[in-house]
1. Taking region 125-140, which residues are in contact with an Asp or Glu (Cβ under 8 Å, 6 or more places away or on another chain) and buried (at least 22 other Cβ atoms within 10 Å of the Cβ)?
2. So D596 passes all but one of these: (1) more than 23 Å from K117 (Cβ to Cβ); (2) surrounded by fewer than 18 Cβ atoms within 10 Å (Cβ to Cβ); (3) modelled with pLDDT of 95 or more; (4) not basic (K, R). Which condition number does it fail?
3. Looking at (1) closer than 18 Å to Q489 by Cα; (2) modelled with pLDDT of 95 or more, find the lone condition where S287 falls short.
4. I'm trying to understand the selection: among the residues of region 102-118, which are within 32 Å of the chain's Cα centre (by Cα), within 23 Å of P564 (Cα to Cα) and free of Cβ contacts under 8 Å to residues at least 24 places away in the same chain?
5. Under 6 Å by Cβ, and 6 or more places apart or on different chains, what pairs join a residue from region 525-548 that is more than 14 Å from E445 (Cα to Cα) and free of Cβ contacts under 8 Å to residues at least 60 places away in the same chain with one that is of a type in the set (D, E) and part of a helix (DSSP H, G or I)?
6. Among the residues of region 182-197, count how many are closer than 30 Å to G93 by Cβ and either among the aliphatic types (A, V, I, L, M) or in contact (Cβ under 8 Å) with a residue 60 or more places away in the chain (or both).
7. Do the conditions hold for V396, that is, is it touching a Leu at 6+ places or on another chain (Cβ under 9 Å) and at pLDDT below 95?
8. Might you check whether a residue that is of a type outside the set (V, I, T), loosely packed, with under 15 Cβ neighbours inside 10 Å and within 19 Å of L442 (Cα to Cα) occurs anywhere in region 312-319?
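The values are calculated or read from the model by the stated rules, or taken from the named source; none is laboratory data. Everything numeric here is computed off the predicted structure, so don't read it as measured data. Glycine also receives a Cβ, built like all others from the backbone with ideal geometry; neighbour counts cover every protein chain displayed.
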Amino acid sequence: MKKLIFTGLTAAVLLSSCSSQKTEGAGTEATAVMTEVQQEAQTFLDQYSQTYQDLYTKSAEAEWASNTRIVEGDTTNAAATRRANEAFAAFTGSAENIEKAKAMLKKKDQLTPLQVKQFEAILYAGANNPQIIPEVVKARIKAETEQTEKLYGFDYRIYEKSVSTNDIDNILKDEKDLKKRLDAWQASKEVGPGLKEGLLDLRELRNKTVQSLGYDDYFTYQASDYGMSRPEMMELMQQINKELRPLYRELHTYARYELAKKYGAKEVPDYLPAHWLPNRWGQDWSSMVNVEGIDLDAALKPKGAEWLVQQGERFYTSLGFPSLPQTFYTKSSLYPLPANANYKKNNHASAWHMDLDKDVRSLMSVEPNSEWYETTHHELGHIYYYMTYTNPDVPVLLREGANRAYHEAIGSLMGLAATQKPFLAELNLIDKNTQTDEVQTLLKEALNYVVFIPFSSGVMSEWENDFYANNLPADQLNKRWWELKKQYQGIVPPTDRGENYLDPATKTHINDDAAQYYDYAMSYVILFQLHDHIARNILKQDPHATNYYGSKEVGNFLRDIMYPGASADWREMLKEKTGEELSARAMVAYFQPLMDYLKEQNKGRKYTL
């Protein structure tokens, strides 16, 4: 489900997108006469940004090659990626750059606000690559590169036949034979054991890297990008879980009984066996429900994969955004590899800002079905966010989302908007006169958005918090994973999963987008706050039945959020645009009609959460 904004690079790269900067690029502040201190600061920032962009681009190109062409036994790409990332790390983590940034921040009251933000970004990037411990940084980069190759080069097999992750996903969505489902689920976890040694090594290296500049651990470092401490972030995750727990409890009860019926189980289990669910990690159950009158898979299949991507672009241009650059289509890797390909690629959908300017790409394996339809709109949300904050008014080092969750929120918002009935009717993917069961539509949406919350804010965030901050023992990694799965999701393994397995490592983000999965939980909360505002205050439509298509006013609202990138304070931005602080209120309100329905359906049923 969830997508990387960028894959494989260090956290510093993920958090800082840039393009060549001129003094006038500081926007309105540059129109004023600079003081001597401000001029000194700007001269350094200009020079830093130019080198940063050059090294970032080289690193991005190397990473792209490593993710799009994986050949077993060939270490050429891995070596090139390691060299490029080491060069990037040596620059961002150089003692000279870090000390200069620290010295300038001691004069922060004499700097412009944008200059202060840029120096803070330099220190944040430097903390992940400090050259006071260069051998540790090099070792971490090498370990990350090797872990990525192991993960994405893995040969998944069912009944001795090689299969793709798309194949496994399709079995878990459609297959009714529990034995076949179990075989597919177990096949999806076979990659885990081979990743254990590398992940333990990465924990030590990631923690050592950031500790050298004063962070307690890697999780603390990642959370600090929100201006929050680790305990504050975990408290926020608990709050989000608590607000949505009553609805999740109803969904969990409903799913247990419905799936027991579907599979012909003699008894309804107290907890959901993992292989019963239509997703490898149990994070999205939406394919359990088919809404009568809406069969997107059937409507999309004859259109082909290319149509999905092109239609995604048409959606954004209808809102007033520009067309994608032609290089997006010529340089991206958008579709599955042919069956006879002699190499593999990363199948996890992601969006890339390659040169921190005009070269934007996406790595996907699009097939003409409803899941990839939503995913394509989501990934293009990242792409258009990149394109929008790449402008002369945003300084180089602030060309990223208002926070990491905003990037995901924009993508997921467009994914939601693209699947609502009035919009689907406009595209002739459904008949506009089709009568649909609105509660079933809400149920399908909740089995995606609501079901995801305990996985993201609970299981993933708690496990990584334990792993990095609490030094979770190496002989308890899988045990803790399944404890959290049961506690938050009410999911249990279908068979014994001892420490000879490493099921958390089968999740992409545990390896190469570490200690920041709370981004996705926050993004869903923000997405419903934005959608609620758009529906009620701009479109004047029911939030459950909107059509953004063609609305320049919606496009302007989104552009205002995206344009300043990280030069805007994320809390102030949310309050200004929606009128409220971060809260699950809008999400809870959106699904309230479903809550009433589920309580009626679950009367007399046993609750176990």
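1. Once the filter is applied, which keeps residues that are in contact with an Asp or Glu (Cβ under 8 Å, 6 or more places away or on another chain) and buried (at least 22 other Cβ atoms within 10 Å of the Cβ), region 125-140 yields only V137.
2. Going through the list (1) more than 23 Å from K117 (Cβ to Cβ); (2) surrounded by fewer than 18 Cβ atoms within 10 Å (Cβ to Cβ); (3) modelled with pLDDT of 95 or more; (4) not basic (K, R), D596 breaks only (3).
3. Only one criterion in (1) closer than 18 Å to Q489 by Cα; (2) modelled with pLDDT of 95 or more is unmet by S287, namely (2).
4. Of everything in region 102-118, those that are within 32 Å of the chain's Cα centre (by Cα), within 23 Å of P564 (Cα to Cα) and free of Cβ contacts under 8 Å to residues at least 24 places away in the same chain turn out to be L105, V116.
5. Close Cβ pairs satisfying both conditions: I538/E553.
6. 2
7. Yes: the conditions hold for V396.
8. Keep residues of region 312-319 that are of a type outside the set (V, I, T), which gives 312-316, 318-319.
Still in the list and also loosely packed, with under 15 Cβ neighbours inside 10 Å: 314.
Now narrow it down to the ones that are within 19 Å of L442 (Cα to Cα): none.
There is no residue in region 312-319 that is of a type outside the set (V, I, T), loosely packed, with under 15 Cβ neighbours inside 10 Å and within 19 Å of L442 (Cα to Cα).
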